[in-house]
């Protein structure tokens with residue numbers, strides 16, 4: 001049952017306040033979709049963003065949600081959906097919505113009027129085993145008319161749970177919700193742009209540090225953390241707050257490479273032992289950028305930058321060194337810094353360690369071809385208990401479908 005307009009506006013204002021606290025673009029998109037569905041009681045939905053590749057504008061799906069299908073999954077598992085793009089044209093409902101930048105309300109996709117320019121491909125329902133009926137597509141556009149994307153609601157539900165068309169009241173409410181959400185999205189886009197500029201600074205020095213790599217590593221890390229938090233009974237509010245900060249921090253895991261010489265970073269062959277020691281200092285340089293913490297983001301970004309090359313068995317780097325002075329904090333009998341091991345390594349560093357190695361092994365480098373999926377997974381499994389925390393390795397394999405989905409979402413040519 002749709003809330004009254006007064007109650008709906010109160011709900012939108014509350015959600016607007018909550019959304020303004022989210023900094024990461026992807027997490028905000030997911031939250032916008034969830035809140036939009038809740039406010040007009042839609043069983044499912046998807047959110048698309050507009051992308052311009054090779055001068056061709058398309059809508060790319062970013063998130064899809066479906067309460068009916070989600071309820072069929074074991075507790076803690078997430079719905080997996082296909083990553084695809086559609087042209088901005090007259091052929092599809094969402095494409096037409098984007099092209100005309102107008103709201104489209106279809107009471108029944110199986111009985112679209114013959115004079116409508118768009119149609120609905122029922123193959124999606126056959127594949128998913130889910131029957132789509134009503135669709136409400138709304139453009140996400142800025143006050144100056146720039147299209148950011150489309151939010152699409154699927155199957156309005158009445159108070160008894162039956163599928164019904166979306167009402168005029170639902171159109172009114174979702175239009176205002178979309179306007180508020182777009183304003184918040186613009187801020188998140190600005191934050192993402194700032195983060196990616198920092199990543200591109202590293203890319204200028206090290207060609208391996210691309211926006212796609214940073215997005216993948218951070219997205220893997222968030223999925224691993226979310227399942228870890230579920231197992232450890234972390235409250236939903238605490239989990240969402242940490243995810244938002246962690247996502248940004250994980251994107252900046254290698255920002256310290258800006259301080260490493262081009263002669264080393266761009267070397268087309270493997271490092272010498274001396275070069276490798278110099279390269280290890282990127283962890284210290286990165287941590288040094290955040291060593292005067294003024295916010296939780298500074299603290300987690302420092303932990304990630306400093307610790308994502310530490311190993312569970314203590315054989316990683318840089319070990320117990322002060323990132324500002326590079327002096328040892330804990331030493332062995334010979335005065336050499338001890339390595340951090342086990343839970344001495346902060347959780348964000350332990351998680352990003354797996355995410356970063358997985359992506360590196362899957363990627364082409366000047367000195368190697370990408371490993372096969374079988375080789376990569378075998379290596380991750382083999383390093384459980386030595387390089388990686390065993391519990392996190394188990395979680396990694398549990399969420400492998402989500403990991404593969406992220407690979408599709410951020411291909412190397414996608415930036």
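Values in this text are rule-based calculations from the coordinates and carry no lab data. All values reported here derive from a predicted model rather than from experimental measurement. Heads up, the Cβs are rebuilt from the backbone with ideal geometry, glycines too, and the neighbour counts pull from every protein chain shown.
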Starting from the 7 Å offset along Cα-to-Cβ, what nm value, one decimal, do you get for the label separation of residue 276 and residue 408? 3.8 nm
Quick check on packing: order 332-341, 183-192 by the mean number of other C-beta atoms within 10 Å, highest mean leading. 183-192, 332-341
Using mean Cβ contacts within 10 Å as the protection proxy, how do 257-266, 278-287, 169-178 order, highest first? 278-287, 169-178, 257-266
Cβ neighbours within 10 Å, averaged per peptide: list 144-152, 345-353, 113-121 in order, most packed at the top. 345-353, 144-152, 113-121
Average the reciprocal distances over every distinct pair of alpha-carbons in segment 206-414, invert the result, and give the Kirkwood radius in Å. 17.5 Å
Counting residues in the chain as N, plug N into 2.2 N^0.38 Å and put the Cα Rg over that result. 1.07
Residue 80 versus residue 372, label points 7 Å from Cα toward the beta carbon: distance in nm? 2.0 nm
Segment residue 386-residue 126, extension gain: residue separation times 0.36 nm, minus the distance between their alpha carbons: 89.1 nm
Using only the Cα atoms of segment 283-379, what are the Rg and Dmax in Å? 15.2, 43
With n ≥ 4 as the cut-off for DSSP H runs, can you work out [θ] at 222 nm for the chain, using -39500 (n - 2.57) per run divided by the number of residues, rounded to the nearest 500? -15000 deg cm²/dmol
Between helix 25-40 and the chain, what is the angle of the helix's C-alpha long axis to the longest principal axis, kept within 0 to 90° and rounded to the nearest 10? 30 degrees
Degrees between helix 168-205 axis and first principal axis of the chain (Cα, 0 to 90, nearest 10): 20 degrees
Quick check: the angle from helix 211-231's long axis to the longest principal axis of the chain, C-alpha only, nearest 10 degrees? 80 degrees
